[in-house]
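Written below as structure tokens is the structure these notes are about.
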Ligand code: SAM
């Protein structure tokens with residue numbers, strides 16, 4: 001690593017080859033075309049190139065690109081895109097990989113979930129990964145869990161200690177497998193999910209009553225709306241995806257229109 005790492009670009013480089021190997025071995029890559037987000041100087045790219053049919057590696061930092069090119073020079077199956085990954089099309093790949101810059105984890109995850117790639121293997125901050133995989137009723141269950149699990153089966157593959165990176169981050173990371181759900185996602189009302197999870201320790205009734213201002217209605221009207229929902233007595237943090245889908249259908253019929 002000859003260049004100085006940029007904190008702003010979330011540059012914590014993987015220095016443990018065994019971790020890169022474990023990431024690339026999580027799924028079968030034979031004859032697969034893969035996209036790598038945030039290739040850096042090629043720590044993961046070389047392992048991907050050795051196993052996949054074709055690798056498209058995106059890196060935003062021009063300073064890293066020459067080292068990245070040198071790292072993969074012995075492979076003839078890597079295309080480098082020097083660009084902001086948020087502006088690159090993620091469609092058309094069999095799998096997406098990335099040791100993601102932590103400050104862009106959420107928007108990049110959104111793009112990955114919306115893409116047509118059936119699978120992704122990501123290295124993420126452990127806490128973020130745990131929130132993605134959290135079950136209803138657990139302390140980590142959040143909007144992120146709903147978003148991730150409505151689109152994919154989430155599996156935590158392994159924890160990766162901070163000592164495997166340079167510079168060392170303050171927190172540990174985790175390898176996460178996302179297996180898209182072929183049946184597609186449930187229809188969830190975004191406004192409802194947002195309102196509910198701002199009060200996740202309350203009942204559905206209280207969460208909606210306490211969101212009167214956000215709904216631009218009087219408190220008594222918000223309470224009346226909540227009373228129309230069949231699952232109003234359940235605690236938000238315990239709601240399953242099925243229950244949120246049921247509530248979304250009911251909410252669509254009663255929610256205030258502007
Ligand atoms: N893949 C390398 C590794 O595993 O060591 C680097 C991972 S490092 C955590 C994240 C990488 O993403 C950095 O190389 C950084 O420059 C790059 N990056 C940050 N923001 C990006 C963006 N918007 N688009 C593409 N790459 C980005």
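Filter the range 19-35 down to residues that are touching a helix residue (DSSP H, G or I) at 6+ places or on another chain (Cβ under 7 Å) and surrounded by 17 or more Cβ atoms within 10 Å (Cβ to Cβ) and give me whichever is nearest to residue 83 (Cα to Cα).
Initially, the range 19-35 is screened for residues touching a helix residue (DSSP H, G or I) at 6+ places or on another chain (Cβ under 7 Å), giving 19-21, 24, 29, 34.
Next, from what is left, pick out any that are surrounded by 17 or more Cβ atoms within 10 Å (Cβ to Cβ): 19-20, 24, 29, 34.
On the way: 19: 26, 20: 23, 24: 23, 29: 25, 34: 17 Å.
That would be 34.
I'd like to verify a number: residues in the range 18-59 that are more than 21 Å from the chain's Cα centre (by Cα), under 15 Å from residue 165 (Cβ atoms) and in a helix (DSSP H, G or I), how many?
1
Determine whether the range 211-223 contains at least one residue that is outside the structural domain of residue 127 (by TED's automatic domain parsing) and closer than 22 Å to residue 144 by Cβ.
As a first pass, look at the range 211-223 and keep what is outside the structural domain of residue 127 (by TED's automatic domain parsing): 211-223.
Cutting the leftovers down to closer than 22 Å to residue 144 by Cβ gives us 211, 214.
Yes, the range 211-223 contains a residue that is outside the structural domain of residue 127 (by TED's automatic domain parsing) and closer than 22 Å to residue 144 by Cβ.
What number goes with the only condition from (1) touching a strand residue (DSSP E or B) at 6+ places or on another chain (Cβ under 8 Å); (2) within 10 Å of the ligand (Cβ to nearest atom); (3) within 24 Å of residue 159 (Cβ to Cβ) that residue 26 does not pass?
(2)
This table checks each residue for (1) in a helix (DSSP H, G or I); (2) closer than 30 Å to residue 15 by Cβ; (3) in contact with a helix residue (DSSP H, G or I) (Cβ under 6 Å, 6 or more places away or on another chain).
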{"residue": "174", "(1), (2), (3)": "no, yes, yes"}
{"residue": "178", "(1), (2), (3)": "no, yes, no"}
{"residue": "183", "(1), (2), (3)": "no, no, no"}
{"residue": "194", "(1), (2), (3)": "yes, no, no"}
{"residue": "224", "(1), (2), (3)": "yes, no, no"}
{"residue": "233", "(1), (2), (3)": "no, no, no"}
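Being under 20 Å from residue 151 (Cβ atoms), surrounded by 16 or more Cβ atoms within 10 Å (Cβ to Cβ) and modelled with pLDDT of 95 or more: is that true of residue 246 here? Steps first, please.
Values: under 20 Å from residue 151 (Cβ atoms): yes; surrounded by 16 or more Cβ atoms within 10 Å (Cβ to Cβ): yes; modelled with pLDDT of 95 or more: yes.
It is true that residue 246 is under 20 Å from residue 151 (Cβ atoms), surrounded by 16 or more Cβ atoms within 10 Å (Cβ to Cβ) and modelled with pLDDT of 95 or more.
Given the condition more than 9 Å from the ligand (Cβ to nearest atom) and either buried (at least 18 other Cβ atoms within 10 Å of the Cβ) or in the same structural domain as residue 130 (by TED's automatic domain parsing) (or both), answer yes or no: does some residue in the range 36-45 qualify? Show your work before the answer.
Here is the first cut: in the range 36-45, the ones more than 9 Å from the ligand (Cβ to nearest atom) are none.
Within the range 36-45, none of the residues are more than 9 Å from the ligand (Cβ to nearest atom) and either buried (at least 18 other Cβ atoms within 10 Å of the Cβ) or in the same structural domain as residue 130 (by TED's automatic domain parsing) (or both).
Which numbered condition in (1) in a helix (DSSP H, G or I); (2) touching a residue at least 24 places away in the same chain (Cβ under 8 Å); (3) more than 9 Å from the ligand (Cβ to nearest atom) is the only one that residue 69 fails?
Exception for residue 69: condition (2).
Residues in the range 106-115: is at least one away from the ligand (no atom under 14 Å from the Cβ), crowded, with 20+ Cβ neighbours inside 10 Å, closer than 26 Å to residue 6 by Cβ and within 12 Å of the chain's Cα centre (by Cα)? Talk me through it step by step, then tell me what you get.
Going residue by residue through the range 106-115, those that are away from the ligand (no atom under 14 Å from the Cβ) are 113-115.
This time we only want the ones that are crowded, with 20+ Cβ neighbours inside 10 Å, so: none.
No, the range 106-115 has no match at all.
Considering (1) modelled with pLDDT under 95; (2) away from the ligand (no atom under 11 Å from the Cβ), say which one residue 102 fails and leave the rest.
Going through the list (1) modelled with pLDDT under 95; (2) away from the ligand (no atom under 11 Å from the Cβ), residue 102 breaks only (2).
Suppose the filter is exposed (fewer than 15 other Cβ atoms within 10 Å of the Cβ), under 19 Å from the mean Cα position of the chain (by Cα) and closer than 30 Å to residue 142 by Cα; does residue 103 pass it? Steps first, answer last, please.
On the way: exposed (fewer than 15 other Cβ atoms within 10 Å of the Cβ): yes; under 19 Å from the mean Cα position of the chain (by Cα): yes; closer than 30 Å to residue 142 by Cα: yes.
Yes.
Being under 15 Å from residue 142 (Cβ atoms) and either assigned by TED's automatic domain parsing to the domain that holds residue 100 or in contact (Cβ under 8 Å) with a residue 24 or more places away in the chain (or both) is the filter here, so list the residues in the range 193-210 that pass it. Quick ask: steps written out before the conclusion?
Quick first cut of the range 193-210, residues under 15 Å from residue 142 (Cβ atoms) only: 193-202, 207.
193, 194, 196, 197, 199, 200, 201, 202, 207, listed by residue number.
Kindly indicate whether residue 62 is part of a loop (DSSP other than H, G, I, E, B), farther than 30 Å from residue 184 by Cβ, at pLDDT 95 or above and more than 9 Å from the ligand (Cβ to nearest atom).
When the stated conditions are applied, residue 62 passes them.
The values are calculated or read from the model by the stated rules, or taken from the named source; none is laboratory data. The structure displayed is predicted, hence computed values, not measured ones. Note that each Cβ is placed from the backbone with ideal geometry, even for glycine, and that neighbours are counted across all protein chains shown.
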